[in-house]
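Inspection log for the structure reproduced underneath, given as structure tokens.
The values are calculated or read from the model by the stated rules, or taken from the named source; none is laboratory data. Being a predicted model, the structure only gives us computed values, none of them experimental. A quick note on method: Cβ atoms are made from the backbone with ideal geometry, for glycine too, and the neighbour counts reach across all protein chains shown. SASA here: full protein model, heavy atoms, side chains in, ligands and nucleic acids out. Shrake-Rupley method; radii C 1.70, N 1.55, O 1.52, S 1.80 Å.
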Number of protein chains: 2
Amino acid sequence: MARIPVPDLMAFCAKLLAAHGVDEEQARNVAENLVWSECVGRRNFGLLRLPVYLERVASGAIKCPCSPRFENLGPSLGLLDGDDGFGQHAGMLAMKHAIELARGTGVGAVGVRNSNFFGTGAYFTHQAADAGMIGLAMSNSFPKVTAHGGLGAVFGTNPFAFGAPRRNGETLMVDMATSGLAGSTVRQHITSGEPLPEGLAVDVDGAPITDPEKVGGGALLPFGGAKGYGLSLMVEILAGVLTGAGVTHGVASMYKDKQEPGHNGHFLIAIDVSRFMPMEAYYDRFEAMVADIRASAPDGGEVLLPGEMRWREYAEAQERGIELSPTTIEAVSPLAAVTDAGAPWR
Amino acid sequence: MARIPVPDLMAFCAKLLAAHGVDEEQARNVAENLVWSECVGRRNFGLLRLPVYLERVASGAIKCPCSPRFENLGPSLGLLDGDDGFGQHAGMLAMKHAIELARGTGVGAVGVRNSNFFGTGAYFTHQAADAGMIGLAMSNSFPKVTAHGGLGAVFGTNPFAFGAPRRNGETLMVDMATSGLAGSTVRQHITSGEPLPEGLAVDVDGAPITDPEKVGGGALLPFGGAKGYGLSLMVEILAGVLTGAGVTHGVASMYKDKQEPGHNGHFLIAIDVSRFMPMEAYYDRFEAMVADIRASAPDGGEVLLPGEMRWREYAEAQERGIELSPTTIEAVSPLAAVTDAGAPWR
């Protein structure tokens, strides 16, 4: 399989989105988000999802064009009504706004409502880190996960992401589902037919599930029991309750409710590092911590930072191009065939 | 064992602290923190630790009196130099400041350096919630926990806490060590002689430990592997790297380094709920979420919110008084005996 230069894939992706009714601004932002996800090897947040996104664009569940509106809630606080556009678009606008607020006051926080699935939170925390800020990003999502001690899905996989700038530009990226399994991992198992490990999903009566096809009729468990439940609740409160977005069953499924806007909510925070100390002093302190972490590696082994493998994949993608997975090509080919957005893998 | 009325325990505790050289202001704030921890049933953060605190006061490792100084880093951002006083005191001052900043701009964040162990983060997030704010509180601590994939302790148990106000005043309190086991739980096992569950601690070669006495020579594991490691790093970066506090091995042990200030760092955030919507609208949305959670309870069962059991204990303590554990009484009695702070359990 030939590798595709990153700019070519970006151009193709934007053209494909535009050909299927996405307005230019969203097409550009979403293409950048999806291709970045491919570059860092988060393929489940990349082009693979184009078919469902474009079905939702066609049905009006993702609005194109959309008119996101900011409401100023204070010198450090904003609320973005995403107007049912792409979550990737709203998330990017919201983090941009949080960064601007943080430039003015030291911290900026922006809630988002009337949005859709926003992809990987790491994209937005890297956006903050790129601006010299520490970033947090979270989103609620369609119910798939039990409350600790409960039966049946109440919460989404409610991702939580944290990013911090490093001197070498390779943002430290913590990015996790607050469930034991991410929704995208369940879909990978459905595709591969591989059973799930035990202890991650249960049926309606609380009995263990390992068949990935059955998770939809049951529920995932929060990771680490009470701890994952606590983090999931934090995300639901900040991204859902506080923003005016959908909460628990008020968030629609991207897959099951293709006619319906997602009603997702997000919450983004940026903290200006340079207000604490000069960036070089921060980097010195940061890399001293990294040295302590590295020193704990076992003989012949290596201790990685969160996101570090992602940056290795990113560097390879920049240098050698992106190799799309066969599943992605299979998913995207029919979309490319009906437009003149000549697929770059041909 | 007689139950002690809360005000009596508070008065005793403050008097005892003062009799052992703690200045009036810190004595009052620390007593309130410790007695609150007893009320909510977090006994490991209560009076049990008075002996080590007072040894540290005697050695000068905890400075009494101390002169914490705020540095204004922006309209929403502050840095508190704790001047090596009690962490409970510095944490409370810092959250108070974060709340004031949030009143002005919507969000307030305060970093703390030159502090000591701050007890339970839930105390500070409840402080925020009591003021109608969502609160986050975190602290780094003496290395006891491995980096994911590494050998030997690099991070502290680095607690992370989140609190959100509820209409009934019972703050939703998420409060977790980012290790699989809290340090206080290890100490409970040492006291009881009960072995640790497997998979939570390892020796210097990475082999499992279940003997709680051996954890000091080995290390705890982050909870949930890479996820706990990521959260632990987030706490280390925000509370340590960013504030100018000690980082990793730069944080001293409260127990092993009794002559040395802790060099702990904290990070506290307050977000003003009322900027998003009227409090009553927020409470309506919050309780609708709670109803969804409750509805997922199994037949005859109950799904609790994080912190909910704590508030049941708190209500009982207010009504019937506090029953100190025999271990606590044994620990505190010698301290009371050498002063005129007549112990309320006699």
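Computed values, structure above
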read-out: Heavy-atom accessible area per residue - region B:43-167, 1.4 Å, Å²; value: 25
read-out: For B:Phe286, net neighbour charge (Lys/Arg +1, Asp/Glu -1) across residues whose Cβ lies under 14 Å away; value: -3
read-out: For B:Ile4, residues with placed amide H under 5 Å, excluding near neighbours; value: B:Ile322, B:Glu323, B:Leu324
read-out: Residue with peak Gaussian network fluctuation, chain A [Cα springs, cutoff 10 Å], from A:Gly163, A:Gly240, A:Gly60; value: A:Gly60
read-out: At least 40 Å² of accessible area lost relative to the chain alone, listed for region A:211-245 with a 1.4 Å probe; value: A:Phe223, A:Lys227, A:Tyr229, A:Leu231, A:Leu233, A:Met234, A:Ile237, A:Leu238, A:Val241, A:Leu242
read-out: For region B:253-300, alpha-carbon Rg over 2.2 N^0.38 Å; value: 2.19
read-out: Inter-copy separations for B:Asp130, label at 7 Å along Cα-Cβ, nm, ascending; value: 4.3
read-out: Local electrostatic count at B:Gly218 - Lys and Arg +1, Asp and Glu -1, tallied over other residues with Cβ under 14 Å; value: -3
read-out: Mean separation of Cα contacts under 8 Å (6+ apart) over length of chain B, as relative contact order %; value: 23
read-out: Hz values of 3J(HN,Hα) by residue in region B:152-163 - Karplus curve (6.51, -1.76, 1.60), Gly and Pro given as x; value: x, 6, 10, 9, x, 6, 5, x, 10, 10, 9, x
read-out: Whole-number accessible area per residue in Å² for region A:230-293, which is evaluated in the context of all protein chains at 1.4 Å; value: 28
read-out: Residue among A:Ala11, A:Phe70, B:Val290 farthest towards the positive dipole end of the protein assembly as shown, charges placed on Cβ; value: A:Phe70
read-out: Helix-only [θ]222 nm of the protein assembly as shown, DSSP H runs n ≥ 4, -39500 (n - 2.57) each, per residue, nearest 500; value: -12000 deg cm²/dmol
read-out: Neighbourhood charge, 13 Å Cβ-Cβ cut-off, centred on A:Ala137 and excluding it, Lys, Arg +1 and Asp, Glu -1; value: 0
read-out: Relative contact order (percent, whole number), region A:114-173, Cα cutoff 8 Å, 6+ residue spacing; value: 34
read-out: Test item: A:276-284 mean partner chain Cβ contacts at 10 Å; value: 3
read-out: Protein heavy-atom accessible area occluded, B/A pair - total, 1.4 Å probe, Å²; value: 5400
read-out: Most mobile listed residue (B:Ala58, B:Ala90, B:Ala153) in chain B, GNM with C-alpha springs under 10 Å; value: B:Ala58
read-out: Under the Karplus curve 6.51 cos²θ - 1.76 cosθ + 1.60, θ = phi - 60°, whole-Hz ³J(HN,Hα) for region B:208-219, x wherever Gly or Pro sits; value: x, 10, 10, 7, x, 5, 8, 4, x, x, x, 7
read-out: Karplus-derived HN-Hα couplings along region B:119-132 (A = 6.51, B = -1.76, C = 1.60, θ = phi - 60°), whole Hz, x at Gly and Pro; value: x, 8, x, 4, 4, 7, 6, 5, 4, 5, 4, 4, 9, x
read-out: Size of charge dipole - the protein assembly as shown - debye, nearest 20, with Cβ of Lys, Arg +1 and Asp, Glu -1, no other charges; value: 500
read-out: Considering only the protein assembly as shown, percent of DSSP beta bridges that pair antiparallel, nearest 5; value: 85
read-out: Rg over Rh, two decimals, region B:18-90 (C-alpha only, Kirkwood Rh); value: 1.04
read-out: Per-residue mean of C-beta atoms belonging to partner chains within 10 Å, peptide A:297-310; value: 3
read-out: Accessible-area composition of region B:6-45, carbon plus sulfur, in percent [1.4 Å probe]; value: 50
read-out: Set of lysines with alpha-carbon distance to A:Lys63 below 18 Å, sequence-local pairs under 8 removed; value: A:Lys15, A:Lys256, A:Lys258
read-out: For chain A, built as a Gaussian network whose Cα springs stay under 10 Å, the top-fluctuating residue of A:Phe276, A:Phe142, A:Phe117; value: A:Phe276
read-out: All-pairs alpha carbon distance profile, region A:153-256, 10 Å steps from 0, percent; value: 14, 40, 32, 12, 2, 0
